[in-house]
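Have a look at the structure below, then the notes.
Read-outs throughout are calculated quantities, based only on the coordinates presented, and are distinct from any laboratory measurement. None of these values were measured; they are calculated from a predicted model. Cβ atoms come from the backbone with ideal geometry, glycine included; neighbour counts cover every protein chain shown.
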Amino acid sequence: MADITAKLVKDLRDKTGAGMMDCKKALSETSGDLTKAIEWLRQKGIASAEKKSSRVAAEGSIGSYIHTGSRVGVLLELNCETDFVARGDIFKGLLRDVAMQIAACPNVEYVSVEEIPDEIVNREKSIEMGRDDLEGKPEQIKSKIVEGRIGKRLKELALLDQPFIKDSSVSVEELIKEVSGQIGENLKVRRFTRYTLGEGIEVKNVDFAEEVASISSN
């Protein structure tokens with residue numbers, strides 16, 4: 001594997017406007033060849049998507065997905081720039097795919113890691129710092145281990161960091177960027193809600209034999 005230097009990543013970012021992680025992946029996929037990496041980003045639609053990311057996406061649609069058996073349902077708001085795009089088949093297909101993704105990921109609670117509240121981050125850090133396997137380790141090493149674990153845990157909570165259920169080689173974020181490049185507009189997942197049948201309802205367990213005996217004694 002080619003040595004992907006920070007300078008090479010910066011050069012690719014400067015030329016394409018793509019994000020750092022996308023540039024690193026492009027260079028890894030093309031063995032560090034800058035020209036091929038640019039072509040790879042263009043093919044994925046990522047370079048053009050990044051350039052559009054600052055544009056306001058105020059149109060879009062609210063979509064729904066009910067999983068087979070009607071035990072899991074999802075409501076999702078996906079935004080784009082124009083009503084015309086929102087009515088198109090490509091946009092509607094993405095809306096359904098992302099809604100299905102949410103239905104398949106019960107642990108996902110936020111759109112991105114950046115949206116996760118500080119109290120959640122601090123709670124996870126407190127849990128990790130107290131784990132038995134870290135006892136006795138130097139603070140510097142302990143902090144690095146905890147930082148790595150926290151990063152992984154937060155990504156498990158974020159929709160955009162999930163591997164796409166139809167193609168695990170790309171993340172949901174990369175999928176959205178690819179579609180954004182295809183249709184020529186900025187796309188954003190704004191919010192979602194996942195419903196599970198019976199969630200939050202306290203079910204009282206009844207001992208049928210005991211109940212019958214109680215009735216008989218009265």
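Based on the Stokes-Einstein relation at 20 °C and a viscosity of 1.002 mPa s, and on the Kirkwood radius from alpha carbon pairs, region 56-182 is assigned a translational diffusion coefficient of 129 µm²/s. Our note on the geometry: Cα centres of region 96-111 and region 144-173, 13 Å apart.
Taking amide H as placed 1.01 Å from N in the peptide plane, ARG191 has its amide H under 5 Å from the amide H of GLU77, each at least 5 places away in sequence or on another chain.
Modelled this way, with points 7 Å down the Cα-to-C-beta line, the labels at ARG190 and MET129 are 3.8 nm from one another. Here the Karplus curve 6.51 cos²θ - 1.76 cosθ + 1.60, taken at θ = phi - 60°, turns the phi angles of region 116-128 into couplings of 5, x, 4, 5, 5, 4, 5, 5, 5, 5, 4, 4, 5 Hz, with x standing for Gly and Pro. In this structure, the pairs whose alpha-carbon distance is over 24 Å, taken from LYS92/LYS155; LYS24/LYS44; LYS15/LYS177, are LYS92/LYS155.
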